[in-house]
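Asks: Sharing a structure with you now.
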Amino acid sequence: MPAIRHHTTQQVLHVTHGKTLFGANLQGADLRGADLRDADLQGADLQGADLQGADLQSANLYGTHLRDANLYGVNLREAHLRDARLPGANLQGANLQGTNLQGANLYGANLRYAGLRFADLQDANLQDANLQDANLRDAHLRRADLRRANLRDAHLQGANLRDADLQGADLYGHHVVREVAVLRRADGYEFRAFETLGGLFIRAGCRAKMIEEFRAHVAKYYPKTAKAAETLAILDFCEQQAAREPWA
């Protein structure tokens with residue numbers, strides 16, 4: 001039976017997976033490697049706690065306080081973290097596949113190499129978060145606040161970024177100024193255009209290129225086709241939108 005030692009009181013708690021710790025004060029607790037699968041930690045205070053390598057699969061952490069907590073390499077697969085507070089938390093290499101993080105505060109959190117496939121990050125605060133090399137395939141990021149976030153080399157195939165705020169974010173090595181257009185081709189392929197400090201950047205499916213590189217790609221791989229004509233029309237529209245003032 002694993003023991004949890006409280007950092008300040010030195011109180012030892014013995015836990016097994018599925019245990020209820022609803023609203024518990026576990027500030028600074030040593031939970032390294034703890035088995036907390038299916039545990040109820042709703043509203044618990046885990047600020048500054050060390051959970052490195054812990055197993056929290058399917059745990060309930062709704063509204064939990066995890067400011068500056070060490071969650072390096074934790075298993076949070078399919079856990080419930082809606083409205084959880086994780087500013088400054090270290091989630092490097094964490095497994096967050098299918099995790100509910102709706103409305104969570106991840107301001108300045110370290111999510112480098114984190115697995116976030118199918119994660120629900122709608123309305124989450126990811127300002128200044130480090131998502132470099134994170135797996136965000138098929139993640140839900142609608143209305144997420146990604147201002148100044150580091151998304152360099154992040155995997156975003158199939159991710160839903162509709163209405164997300166990417167101002168100042170580092171996207172594929174490009175500093176985003178604003179998103180200027182979202183369009184869908186007849187075959188369902190979605191195009192997202194971003195004004196960056198280096199020019200107009202296009203992300204479409206698994207492809208991410210500057211607009212002229214995208215035009216060259218079309219000319220090389222499917223020239224003089226209906227698909228080419230539609231794609232070039234989309235790129236032209238994106239360029240026209242980028243030329244407009246943001247308030248126009």
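Asks: Check residue 22 against each of (1) on the phi < 0 side of the Ramachandran plot; (2) modelled with pLDDT of 95 or more; (3) of a type outside the set (A, V, I, L, M) and name the one condition it does not meet.
Replies: Against the list (1) on the phi < 0 side of the Ramachandran plot; (2) modelled with pLDDT of 95 or more; (3) of a type outside the set (A, V, I, L, M), residue 22 comes up short only on (2).
Asks: Go through (1) in a strand (DSSP E or B); (2) out of contact with any helix residue (DSSP H, G or I) (no Cβ under 6 Å at 6 or more places or on another chain); (3) touching a residue at least 24 places away in the same chain (Cβ under 8 Å); (4) surrounded by fewer than 20 Cβ atoms within 10 Å (Cβ to Cβ) one by one and return the number of the condition residue 157 breaks.
Replies: That leaves (1) as the condition not met.
Asks: For segment 160-171, what are the residues that are within 14 Å of residue 194 (Cβ to Cβ) and not charged (D, E, K, R)?
Replies: Once the filter is applied, which keeps residues that are within 14 Å of residue 194 (Cβ to Cβ) and not charged (D, E, K, R), segment 160-171 yields 161, 164, 166, 167, 168, 169, 171.
Asks: Quick check on residue 177: is it of a type in the set (A, V, I, L, M, F, W, C) and in contact with a strand residue (DSSP E or B) (Cβ under 6 Å, 6 or more places away or on another chain)?
Replies: Against the criterion (of a type in the set (A, V, I, L, M, F, W, C) and in contact with a strand residue (DSSP E or B) (Cβ under 6 Å, 6 or more places away or on another chain)), residue 177 qualifies.
Asks: Right, here's the next one. Considering segment 154-182 alone, what residues qualify as being among the acidic types (Asp, Glu) and at pLDDT below 90?
Replies: Result: 163, 179.
Asks: If you don't mind, there's one more thing I want to ask. So which residues in segment 37-72 are within 17 Å of residue 93 (Cβ to Cβ) and in contact with a strand residue (DSSP E or B) (Cβ under 8 Å, 6 or more places away or on another chain), if there are any at all?
Replies: 50, 51, 52, 54, 55, 56, 57, 66, 69, 70, 71, 72
Asks: Which one of these is on the phi < 0 side of the Ramachandran plot and modelled with pLDDT under 95: 215, 244, 185?
Replies: 244
Asks: From (1) more than 27 Å from the chain's Cα centre (by Cα); (2) touching a residue at least 60 places away in the same chain (Cβ under 8 Å), pick out the condition that doesn't hold for residue 242.
Replies: All conditions pass for residue 242, except number (1).
The values are calculated or read from the model by the stated rules, or taken from the named source; none is laboratory data. Remember, predicted model here, so these are calculated numbers, not experimental data. Quick reminder, even Gly has a Cβ in these numbers, built from the backbone with ideal geometry, and neighbours come from all protein chains shown.
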